[in-house]
Amino acid sequence: MNSLQTIEPGLDEACCAPSDLPVLGAEEAQQKALVFKALSDPNRLRLLSIVKGAGGGEACVCDLTEPLDLGQPTVSHHLKILVDAGLLHREKRGTWAYYSLVPGALEKTAGILAAL
């Protein structure tokens with residue numbers, strides 16, 4: 001009876017060496033994912049666009065419902081997600097809330113992908 005000889009493939013040690021590059025930690029990845037989750041909805045992208053293009057760099061919530069053809073509670077929900085993600089700033093004035101882009105937020109968001 002013949003026995004088969006097993007040949008071990010040569011291991012290239014370079015392919016298994018750990019990288020010296022910094023790795024995104026779980027908590028940091030979770031935070032950054034919130035931003036992209038906020039941006040993954042078309043209505044929220046439209047809201048960002050409207051606020052960015054608004055005169056004076058801010059928009060009242062009362063001016064954001066008509067362009068999206070959504071009710072005020074739905075628009076407020078989307079705005080809250082954008083605020084929680086650090087993309088918009090909310091300022092209450094009397095009965096109305098005004099929204100503006102957080103300075104540098106869009107550039108920071110673009111930098112997240114560039115840094116991966």
Listed pairs Lys32/Lys92; Lys32/Lys108; Lys37/Lys92 exceeding 19 Å between Cα atoms: Lys32/Lys92; Lys37/Lys92
Karplus (6.51, -1.76, 1.60) ³J(HN,Hα), θ = phi - 60°, over the stretch 74-91, in Hz, Gly and Pro reported as x: 5, 4, 4, 4, 5, 5, 4, 4, 5, 5, 4, 7, x, 9, 10, 10, 10, 10
Extended-chain gain in nm, criterion 0.36 nm per residue less alpha-carbon gap, Cys60 and Lys37: 5.9 nm
³J(HN,Hα) computed for each position of the stretch 63-68 - Karplus, 6.51 cos²θ - 1.76 cosθ + 1.60, integer Hz, glycine/proline x: 8, 9, 7, 4, x, 8
Residue-span extension gain [Lys52 to Lys92] - 0.36 nm each, minus C-alpha spacing: 12.6 nm
Segments 72-80, 54-62, 88-96 sorted - mean Cβ within 10 Å per residue, highest first: 72-80, 54-62, 88-96
At R0 = 25 Å, FRET efficiency that the Cβ-Cβ distance of Ala110 and Cys16 yields, to 0.05: 0.15
Per residue solvent-accessible surface (Å²) - the stretch 60-115, probe of 1.4 Å: 60 Å²
Percent accessible area from carbon and sulfur atoms, the stretch 45-89, protein chains only, probe 1.4 Å: 53 percent
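The values are calculated or read from the model by the stated rules, or taken from the named source; none is laboratory data. All of these numbers come straight from a predicted model, not from anything done at the bench. All Cβ positions, glycine included, derive from the backbone under ideal geometry; neighbour counts span all protein chains shown. SASA here: full protein model, heavy atoms, side chains in, ligands and nucleic acids out. Shrake-Rupley method; radii C 1.70, N 1.55, O 1.52, S 1.80 Å.
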